[in-house]
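Okay, handing you the structure first.
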Ligand SMILES: [Zn+2]
């Protein structure tokens, strides 16, 4: 890809992220689903391009979306995240926290796609970890993803600077 084309692409992508954050008074579930589909695709594009800043920007918009709508991605997007990203990806971490902590495990027993065995295995494991830690008296942070520091779901170079308070 020519550098100029790549610059245009990034500009478009980042402007897209900015537009996504300015969503006005849209509050319906459909809009939330579209937003999640877009943002998950964006994170995966950032992974394929090796673009950490793009992945972090997508994470910021996901946290804003989660906060505004109180919802996570629909199961199609969850399946994509588990199919196309590595086990320790920040995308998976954020989605798992949304399902376990924010949504408190509801929605799982209804229309869930059994094709995503990995998610179905990891989900109760994560729930169990939290429960077990709580029983043992270990203090567990069960804040919703949007209440945590954005950097909890970011990738930063080891020892490098993290985000400032206004970055997310
Ligand atoms: Zn950060």
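Within a 10 angstrom radius of the beta carbon, how do 144, 89 rank from fewest other beta carbons to most?
Numbers: 144 15, 89 18.
Listing 144, 89 from fewest to most nearby Cβ atoms yields 144, 89.
Here's a follow-up. Assuming 0.36 nm per residue, please report the length gained on full extension of the stretch residue 131 to residue 51 beyond their Cα-Cα distance.
Length difference between fully extended and current span is 25.2 nm.
Need the full-extension length gain, residue 149 to residue 88, defined as separation in residues times 0.36 nm minus the C-alpha distance. One decimal, nm.
Values: separation 61, 0.36 × 61 = 21.96 nm, distance 1.82 nm.
That pair, residue 149 and residue 88, stretches by 20.1 nm at full extension.
Next up: What list do you get for 152, 34 if you sort them by fewest beta carbons within 10 Å? The partial results should precede the final answer.
Working: 152 16, 34 13.
Starting with the residue having the fewest Cβ neighbours, the order is 34, 152.
At 7 Å along the Cα-to-beta-carbon direction for both residue 141 and residue 28, put a label point, then send me their distance in nm to one decimal.
My value for the distance between the label points is 3.7 nm.
Read the figures in this text as sums done on the coordinates, not as results from a lab. These numbers were taken from a predicted model, which means no experiment stands behind them. So basically every Cβ, Gly included, is an ideal-geometry build from the backbone, and we count neighbours across all protein chains shown.
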